[in-house]
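Peer 1: To start, I am sharing the structure in question, which I have written as structure tokens.
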Amino acid sequence: MTSSSDDGTHTGPEHADAARGRFSWRSPDGRVVAIVAVLVALVVTVQALWARGQSLFGGREALLLLVLATLFAFAERFVVVFPVRRGAHTISLSEVPLVLALIWCSPAAVVLARVLGGTAGLLAFRRQRGVKLLFNVALYATEATVATAVFRMIAEPGHTLEPRGWLAAYAAALVVDVVSIVLVTMVIALHDDSQEWRRLVTADIKQLIQLPMMIVTTTLALITAIVVRDQMLAAVLLAVLLFAIFEVFRRYALQTQGHAQVEQLYAFTRSLHGSRDLESVIDTVLSRVRDVTRADTAELVVATGGGEPVSFRLSAQDRVPTRHHDRPDPAAWWYPALSGEPVHLAPAVAQVDGRPVDGMAVPVAMDRGTGVLMVYDSLADISTFSAEDLRLLQALTAHAAVALTNIGLVERLRHTSMHDALTGLPNRRLLLMDLRNAIEAGIIRGPVGVLLADIDRFKEINDALGHDVGDDLLRQIGQRLQAAFEGRGTVARLGGDEFAVVVTGCTSTQEVLDAAEELRRIVAEPVPVGDMGLNAQASVGVSFAPEHGIEPDRLLQRADVAMYAAKHAHAGVRAYQAQDDLNTPRRLTLMAELRSAVENGALTVAYQPKVDPSDGRVLGAEALARWLRPDGPVPPDEFIPLAERAGLIPALTRFILDTALAACAQWRHGGPDLSVAVNLSPQILTEPGLADDVSDALRRHGLPPSALTLEITENGVMEDPARSMRTLELLHALGVKLSIDDFGTGHSSLGRLAELPIHEMKIDKSFVRGLTTDQTRRAVTDAALQLGRTLGLIVVAEGVEDETELEYLSRHGCGVIQGYYISRPLPGPDFAEWLRGRPTAHLPELGVRTADA
């Protein structure tokens, strides 16, 4: 009686696909292969030591080897399966040919007969393939080697059929059982839970070393050897007796398994008794049902009566049940069980995508709800689920239904599916339901408002103080909002740091906006967290029904658009406006085309000259991205925000940087040492690898760092000051020039400006245009020029459009100018031509010269 592995490794479509993937030594199959390699190495080493100076086997042994291999093969036809949790041990009558081989054959012949016969039997009778077959063949070789070692250690050579030889045969059979059980248990544990192998080993040794069967089969083998020595034909009678003994033992095993199922049912009921924890009850139900029914996957589907059903699934890949919200397909194989009809899915001749190999589904009757408990994809140790298995599943389901009803599963799931776990507030699903009801009942009397609030810089709180503090902050804000708007609408948490309020009972849109301002004030109130008080700010977007639509999803989406517009404009509260919506059909189309244009290098770069106003020298140019579609150009103010929204800024920045530096290298080749300026988005400013990318690009084009100026905005730095400063310091250390773009339009302080490692500042064009006639603009420009001189910065004025502006800036010490009066942005070849001495016609007086003129 020896064991082989029938571990519960699933062989359905999912695992077939996985098997076609890359092999990994860390996977269960990889570890099994590693065990096989070790076993084979041990067998080969021991056999090589025994074979030194001896022939493997003689000619007479060849026929005997063939007979024994045939007996080993047929031993695989008569097996008894003992389930062990997620795996199974199979017990065969292989002791008979094994003992005969130990008595009659050399060590090499014993192993060869066992391997050849066992492999043929596994292929023909047990239909094993792949890693499972590989392991069992290695196991058989190991068993034969261990048995030979034990037998040779005890038996006296030449007297193997005497009492000492009998003892050696019994000892060899017992040791082989122990070794095979340990190895098989190890493989089972690899496919289920690697932490359970000690407990499995202990349980296996107690349950699976069937001494009566082992003693009987070993005794019959010894008697067979003695009888064959004296009377060959008498072996036929022994074969009949051996088959009868096997049938008796098989029936005993079936009866034992029946008793075990009753015990499992009792243990299942006992494990559920008294438990009130939802997760533990569901885990117990699914894990025990999988084990008892010998299934790869168990699943519980619960119809909550509101929204989509909730399903809990436990399979070989999961340590704990996973929760899913899937709307059931009426064509699903288990769907009739929702109507109370048990389903028994037999194996299909041809596998259908999305369907398991086989399965069973049983209705679960619970108070205030219904459900389905199903198992599918039977393990390899059973051919398929039987009618008895279906009845067993029905019995398990009846006990499970009582336990699930007792814990109020349906009510809990209904509440969980409609409420946020952290704050206890309604979630998006319940908010949309309440919004629909409010619209149907309320818009005749007045507008229904949707307020969507996002906590500004909430990530910084999490990063600095930890997620526990952030969670506490969200809970307290939720409680305050709930108290403030109770009776006036629904307060919900949508996830992350977003809250939403449906406001009803308003007589005008202004009342809705007043409610939004109230929401902001509530969020801004100090929140005590531990020993500190936190002050949060919120950006609030507002939409109205029916003005902005009457569909709940549309209203929430438009409130979301308004919220992001408020955040971008630092406006606090903002009502939805069509121009804010980035999800119009045109913009969605542009976003898709922009991704393709960036990836395929279909964008271009234009260059606007930067000139010294005192003498007309060309100092360099600013690189500006351009996108030309078949229906015309797309303004940068339109496609740059789309790139930010689509996550294309890193790729777009690398393209512009590489193109601009290549052009600059051409300008400087045999010409003046011009520089090029490239704008950086706030998104790229926080990328940790930006400095390395810039360094690599400069090196690739053979340019010094001083040839590149990177332009950043005040607001870009302020979005994430700490990370932005780290990036700026790295770029400064690299030697790249840094410039503050659009100075005067941001929200930074002068103290912050003084701390930045910058080389120049650019006065925004809104202050330059008309500065000679507008006193306010002239005052701002003068202040910027004075500040630049004080801080030792180069001051650049952009947007210069006429001679009076040029003369004023030159007279007041502006270092660099650019604008349409000098030149419009030019494509690369046109700019190169412009540099060669043919400036635009509207600049005759300036006498443009190059930097080394």
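Peer 1: Is there a residue being in a helix (DSSP H, G or I), closer than 19 Å to L425 by Cβ and open to solvent by less than 10 Å² (accessible area, probe 1.4 Å) anywhere in region 495-508? Steps first, answer last, please.
Peer 2: Of the residues in region 495-508, the ones in a helix (DSSP H, G or I) are none.
The answer is no, given that none of the residues of region 495-508 is in a helix (DSSP H, G or I), closer than 19 Å to L425 by Cβ and open to solvent by less than 10 Å² (accessible area, probe 1.4 Å).
Peer 1: Out of T686, T709, report the one residue that is surrounded by fewer than 21 Cβ atoms within 10 Å (Cβ to Cβ) and among the β-branched types (V, I, T).
Peer 2: Details: T709 fails: surrounded by fewer than 21 Cβ atoms within 10 Å (Cβ to Cβ).
Going through T686, T709 in turn, just one is surrounded by fewer than 21 Cβ atoms within 10 Å (Cβ to Cβ) and among the β-branched types (V, I, T): T686.
Peer 1: Among the numbered conditions (1) free of Cβ contacts under 8 Å to residues at least 12 places away in the same chain; (2) of a type in the set (D, E, K, R); (3) out of contact with any helix residue (DSSP H, G or I) (no Cβ under 6 Å at 6 or more places or on another chain), tell me where R777 comes up short.
Peer 2: All conditions pass for R777, except number (3).
Peer 1: Looking only at region 107-118, count how many residues are more than 16 Å from A168 (Cβ to Cβ) and either among the hydrophobic types (A, V, I, L, M, F, W, C) or surrounded by fewer than 21 Cβ atoms within 10 Å (Cβ to Cβ) (or both). Even if it seems obvious, please write down each step before you answer.
Peer 2: Going through region 107-118, the residues more than 16 Å from A168 (Cβ to Cβ) turn out to be 108-109, 111-118.
Filter once more, keeping what is either among the hydrophobic types (A, V, I, L, M, F, W, C) or surrounded by fewer than 21 Cβ atoms within 10 Å (Cβ to Cβ) (or both): 108-109, 111-113, 115-116.
Residues that pass the stated criteria total 7.
Peer 1: Kindly check whether there is at least one residue in region 155-172 that is within 51 Å of the chain's Cα centre (by Cα) and open to solvent by 10 Å² or more (accessible area, probe 1.4 Å). Reasoning before the result, please.
Peer 2: Of all residues in region 155-172, those within 51 Å of the chain's Cα centre (by Cα) come to 172.
Going one step further and asking which of them are open to solvent by 10 Å² or more (accessible area, probe 1.4 Å), we end up with none.
No.
Peer 1: Quick test of your reading of the structure: S543 fulfils all but one of (1) part of a strand (DSSP E or B); (2) open to solvent by 10 Å² or more (accessible area, probe 1.4 Å); (3) over 19 Å from D456 (Cα atoms). Name the failing condition by number.
Peer 2: Checking S543 against (1) part of a strand (DSSP E or B); (2) open to solvent by 10 Å² or more (accessible area, probe 1.4 Å); (3) over 19 Å from D456 (Cα atoms), the one that fails is (2).
Peer 1: Could you give me the residue pairs with C-beta distances under 7 Å whose first residue belongs to region 621-644 and is β-branched (V, I, T), whose second residue is in a strand (DSSP E or B) wherever it lies, and which are 6+ apart or on separate chains?
Peer 2: Correct list of pairs: V634/W627.
Peer 1: Another one. Can you go through P641, P633, P650, P609 and tell me which one is in a strand (DSSP E or B), out of contact with any Gly (no Cβ under 7 Å at 6 or more places or on another chain) and farther than 19 Å from E760 by Cβ? Let's see the steps before the verdict.
Peer 2: Working: P641 fails: in a strand (DSSP E or B); P650 fails: in a strand (DSSP E or B); P609 fails: farther than 19 Å from E760 by Cβ.
The unique qualifying residue is P633.
Peer 1: State yes or no: is T397 of a type in the set (V, I, T) and at pLDDT 80 or above? Quick ask: steps written out before the conclusion?
Peer 2: Details: of a type in the set (V, I, T): yes; at pLDDT 80 or above: yes.
Considered against the rule, which asks whether it is of a type in the set (V, I, T) and at pLDDT 80 or above, T397 comes out as yes.
Peer 1: Six or more apart or on different chains, Cβ atoms under 7 Å: show the pairs whose first residue is in region 131-153 and without any contact (Cβ under 8 Å) to a residue 24 or more places away in the chain and whose second is open to solvent by 10 Å² or more (accessible area, probe 1.4 Å) and of a type outside the set (F, W, Y).
Peer 2: Listed by first residue and then by second, the contacts come to V137/V115; V137/T119.
Peer 1: Mind checking which residues of region 44-64 are under 56 Å from the mean Cα position of the chain (by Cα) and either at pLDDT below 80 or of a type in the set (G, A, S) (or both)? Steps first, answer last, please.
Peer 2: First, the residues of region 44-64 that are under 56 Å from the mean Cα position of the chain (by Cα): 44-52, 56.
Scanning region 44-64 gives A48, A51, R52, L56.
Peer 1: May I ask you to say which residue of G121, G87 is over 21 Å from L174 (Cα atoms), open to solvent by less than 20 Å² (accessible area, probe 1.4 Å) and at pLDDT 80 or above? Give the steps one after another, and end with the answer.
Peer 2: Numbers: G87 fails: at pLDDT 80 or above.
Exactly one of G121, G87 is over 21 Å from L174 (Cα atoms), open to solvent by less than 20 Å² (accessible area, probe 1.4 Å) and at pLDDT 80 or above, namely G121.
Peer 1: Mind telling me which of the residues V573, V598, V561 ends up being more than 30 Å from F544 (Cα to Cα) and β-branched (V, I, T)?
Peer 2: Working: V573 fails: more than 30 Å from F544 (Cα to Cα); V561 fails: more than 30 Å from F544 (Cα to Cα).
It is V598.
Peer 1: With (1) surrounded by fewer than 21 Cβ atoms within 10 Å (Cβ to Cβ); (2) part of a helix (DSSP H, G or I); (3) under 27 Å from the mean Cα position of the chain (by Cα) as the list, and A484 as the residue in question, which single condition is left unmet?
Peer 2: (3)
Peer 1: Take region 549-595 and flag every residue that is open to solvent by less than 50 Å² (accessible area, probe 1.4 Å) and under 30 Å from F655 (Cα atoms).
Peer 2: Of everything in region 549-595, those that are open to solvent by less than 50 Å² (accessible area, probe 1.4 Å) and under 30 Å from F655 (Cα atoms) turn out to be V561, A565, D580, D581, L582, T584, L590, M591, L594.
Peer 1: Can you find even one residue in region 741-754 that is open to solvent by less than 20 Å² (accessible area, probe 1.4 Å), at pLDDT 75 or above and under 28 Å from G620 (Cα atoms)? Steps first, answer last, please.
Peer 2: From region 741-754, those open to solvent by less than 20 Å² (accessible area, probe 1.4 Å) are 741, 753; that's our starting set.
With the extra rule that they be at pLDDT 75 or above, the set shrinks to 741.
Imposing the further condition that a residue be under 28 Å from G620 (Cα atoms) reduces the set to 741.
Scanning region 741-754 turns up at least one residue that is open to solvent by less than 20 Å² (accessible area, probe 1.4 Å), at pLDDT 75 or above and under 28 Å from G620 (Cα atoms).
Peer 1: Of the residues A592, A559, only one is of a type in the set (G, A, S) and without any contact (Cβ under 8 Å) to a residue 40 or more places away in the chain; which? Don't jump to the end; show me each part of the working.
Peer 2: Details: A559 fails: without any contact (Cβ under 8 Å) to a residue 40 or more places away in the chain.
That would be A592, the only listed residue that is of a type in the set (G, A, S) and without any contact (Cβ under 8 Å) to a residue 40 or more places away in the chain.
Peer 1: R824: charged (D, E, K, R), at pLDDT 90 or above and open to solvent by 60 Å² or more (accessible area, probe 1.4 Å), yes or no? Full working, then the answer.
Peer 2: Numbers: charged (D, E, K, R): yes; at pLDDT 90 or above: yes; open to solvent by 60 Å² or more (accessible area, probe 1.4 Å): yes.
Considered against the rule, which asks whether it is charged (D, E, K, R), at pLDDT 90 or above and open to solvent by 60 Å² or more (accessible area, probe 1.4 Å), R824 comes out as yes.
Peer 1: Are any residues in region 340-368 at pLDDT 85 or above and more than 18 Å from F385 (Cα to Cα), and if so, which ones?
Peer 2: G340, V364
Peer 1: Looking at region 96-152 only, could you name the residues that are more than 48 Å from the chain's Cα centre (by Cα) and on the phi > 0 side of the Ramachandran plot?
Peer 2: Within region 96-152, the first condition is being more than 48 Å from the chain's Cα centre (by Cα), and the residues that meet it are 96-110, 113, 147-152.
Hits for region 96-152: nothing passes.
Peer 1: Further question on the same structure: Determine whether I794 is under 30 Å from L661 (Cβ atoms), surrounded by 20 or more Cβ atoms within 10 Å (Cβ to Cβ), modelled with pLDDT of 90 or more and of a type in the set (A, V, I, L, M).
Peer 2: Numbers: under 30 Å from L661 (Cβ atoms): yes; surrounded by 20 or more Cβ atoms within 10 Å (Cβ to Cβ): no; modelled with pLDDT of 90 or more: yes; of a type in the set (A, V, I, L, M): yes.
So I794 fails the test.
Peer 1: Take region 668-690 and flag every residue that is under 14 Å from T709 (Cβ atoms) and either hydrophobic (A, V, I, L, M, F, W, C) or not in a strand (DSSP E or B) (or both).
Peer 2: Here is the first cut: in region 668-690, the ones under 14 Å from T709 (Cβ atoms) are 673-680.
Answer for region 668-690, where residues must be under 14 Å from T709 (Cβ atoms) and either hydrophobic (A, V, I, L, M, F, W, C) or not in a strand (DSSP E or B) (or both): D673, L674, V676, A677, V678, L680.
Peer 1: Taking region 151-166 only, how many residues are under 18 Å from T217 (Cα atoms) and either assigned to a loop (DSSP other than H, G, I, E, B) or touching a helix residue (DSSP H, G or I) at 6+ places or on another chain (Cβ under 6 Å) (or both)?
Peer 2: Here the count works out to 5.
Peer 1: I need the full set of residues from region 603-640 which are in contact with a Phe, Trp or Tyr (Cβ under 8 Å, 6 or more places away or on another chain) and open to solvent by 50 Å² or more (accessible area, probe 1.4 Å), in order please.
Peer 2: The answer is T604, P633.
The values are calculated or read from the model by the stated rules, or taken from the named source; none is laboratory data. Values in this document were obtained by computation on a predicted structure and should not be read as measured data. Using ideal geometry, Cβ is built from the backbone for each residue, glycine included, and neighbour counts are taken over all protein chains shown. These accessible areas exclude ligands, DNA and RNA; they are computed on the full protein's heavy atoms, side chains included. Shrake-Rupley method; radii C 1.70, N 1.55, O 1.52, S 1.80 Å.
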